[in-house]
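This report concerns only the one structure given below.
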Amino acid sequence: MGLRIRLVEPRPAGHNVYDRALLPRLGLPLMAKMLAESGHDVRIYCEILAPVDLDDLLGADLVGISSTTATAPAAYRLADLLSTAGVPVVLGGPHVSFCADEALGHAHYVVRGEGEQTIGELVACLEEGRPFEEVRGLSFLASDGESHHNPARPRCTQEEFERLPIPDLSLIEGHRRMTTKPLMTQWGCPFDCEFCSVIAMFSRAVRHRRTDQVLAELEGLAAERVFFYDDNFVVNKARTTELLRSMRVADLTPMWSAQVRADAALCSLSRPEVDHEFLTLMRQSGCQMVMIGIEAITDEGLAQIGKHQSVAAVEQSVGAFHDHDIAVHGMFVAGLDTDTA
């Protein structure tokens, strides 16, 4: 018959950019789609879009809660409430992937790292009464109350990544409130910035969707605005160029924004002149804004974190984006060792 599964993305405390953008993260819609295809009753509560129905959660066979560091306190409070009421809870996401023992103080299970296969195997174990020891990437509380951490699950391969279904945003309560739709074309980043959790979570091995898959997802979203959730949208400029040209040919050019390195505006690290052809293509395909990890405002700070860029190159890139009518949203890390008051 399948299990009654409810998934939750808590709202972070305070004010943040998602208050305005109303963008859910895509891990839960991906997992929900896969679980629904396996015959389970799945719904998602993303608190920036709709309030959590606590009565619905209390009647679930399993509640999954996705947590970043910003949402960990809210995730733990909800997990405590549900666990006390006897509802099995699994925590996932970047925070608990790195703090599994901490998370097991609040939940029965923790999914570490890329969790799309792990959650499916956990649910199969619960449904069939099988032991959990063989589920890679899973941490759980053993019958004696001790924490048990199964071996890590290998990163999904390029072939496995291509086989993943399109995340089902319609499974999110309040999904019609989204005016900008999220889409992710790749996982991982080849760079090695010291402060970044992306490579620890998704590795430096970049796996990407084929162009035809991205076009199919864009067509299905039928959105006027799209945010590409890729941590680094322009990893391989030839691949990105093919995608943007194909978007134009297919007339799938919503207004879009994405996260990129500053040097995406340049021909290459070895050819640091402005890539006007690429920037023109970005604008013609619908790009309105790029989110750039500028991080530090001194060359010493950039060198310390392994950013492999200079302040002068960042200034050149920002000016180039502006020259092509593309807005820039800068992101910074405050409090580096080289920073002064």
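The values are calculated or read from the model by the stated rules, or taken from the named source; none is laboratory data. Fair warning: this is a prediction, and the values are worked out from it, not measured in the lab. Cβ sites come from the backbone with ideal geometry, for glycine too, and all protein chains shown count toward neighbours. Accessible surface areas use protein heavy atoms only, side chains included; no ligands, DNA or RNA. Shrake-Rupley method; radii C 1.70, N 1.55, O 1.52, S 1.80 Å.
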THR71 fails exactly one of (1) within 19 Å of ASP168 (Cβ to Cβ); (2) open to solvent by less than 40 Å² (accessible area, probe 1.4 Å), namely (1)
message: Given the criteria among the β-branched types (Val, Ile, Thr), surrounded by fewer than 18 Cβ atoms within 10 Å (Cβ to Cβ) and at pLDDT 95 or above, does THR84 qualify?
response: yes
Yes or no: LEU7 within 23 Å of ARG176 (Cα to Cα), under 21 Å from the mean Cα position of the chain (by Cα), open to solvent by less than 30 Å² (accessible area, probe 1.4 Å) and touching a residue at least 40 places away in the same chain (Cβ under 8 Å)?
-> yes
Report yes if some residue within segment 12-19 is open to solvent by less than 10 Å² (accessible area, probe 1.4 Å) and closer than 21 Å to VAL226 by Cβ; otherwise report no.
no
Condition set among the hydroxyl-bearing types (Ser, Thr, Tyr) and at pLDDT below 95, scope segment 255-314, selection nearest to LEU218 (Cα to Cα): answer is SER268
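Can you tell which of LEU7, LEU23, LEU3 is closer than 26 Å to ARG163 by Cβ, touching a strand residue (DSSP E or B) at 6+ places or on another chain (Cβ under 9 Å) and at pLDDT below 95?
LEU23
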Among strands (runs of 3 or more DSSP E) entirely inside segment 1-93, those with 2 or more residues being more than 17 Å from GLY120 (Cβ to Cβ) are 4-9, 41-46
Of all strands (runs of 3 or more DSSP E) fully inside segment 248-341, the set with 2 or more residues that are open to solvent by 50 Å² or more (accessible area, probe 1.4 Å) is 287-295, 327-332
Within segment 27-59, residues under 27 Å from GLU160 (Cα atoms) and among the aliphatic types (A, V, I, L, M) come out as LEU28, LEU30, MET31, ALA32, MET34, LEU35, ALA36, VAL42, ILE44
Selection from segment 42-52 of residues under 18 Å from ALA75 (Cα atoms) and either touching a helix residue (DSSP H, G or I) at 6+ places or on another chain (Cβ under 9 Å) or surrounded by 14 or more Cβ atoms within 10 Å (Cβ to Cβ) (or both) yields ARG43, ILE44, TYR45, CYS46, GLU47, ILE48, LEU49, ALA50, VAL52
Practice task
Determine whether segment 159-169 contains at least one residue that is over 19 Å from LEU243 (Cβ atoms) and surrounded by 16 or more Cβ atoms within 10 Å (Cβ to Cβ).
Solution key: yes
Exactly one of ALA142, ALA124 is loosely packed, with under 14 Cβ neighbours inside 10 Å, on the phi < 0 side of the Ramachandran plot and touching a strand residue (DSSP E or B) at 6+ places or on another chain (Cβ under 8 Å), and that one is ALA142
Sole miss for VAL226 among (1) in contact (Cβ under 8 Å) with a residue 12 or more places away in the chain; (2) under 30 Å from HIS108 (Cα atoms); (3) of a type in the set (Val, Ile, Thr); (4) not in a loop (DSSP other than H, G, I, E, B) is condition (2)
Every listed condition ((1) open to solvent by 20 Å² or more (accessible area, probe 1.4 Å); (2) within 22 Å of THR179 (Cβ to Cβ)) holds for GLY39 save (2)
Reported set for segment 222-235 where residues are open to solvent by 30 Å² or more (accessible area, probe 1.4 Å) and in contact with a helix residue (DSSP H, G or I) (Cβ under 9 Å, 6 or more places away or on another chain) is ASP231
When segment 158-179 is checked residue by residue, the ones that are touching a strand residue (DSSP E or B) at 6+ places or on another chain (Cβ under 7 Å) and either among the basic types (Lys, Arg) or over 24 Å from VAL8 (Cα atoms) (or both) are GLN158
Can you confirm whether ALA32 is of a type in the set (A, V, I, L, M) and within 30 Å of HIS329 (Cα to Cα)?
no
Of the candidates THR185, THR180, the one satisfying the condition of being under 23 Å from VAL111 (Cα atoms) and surrounded by 14 or more Cβ atoms within 10 Å (Cβ to Cβ) is THR185
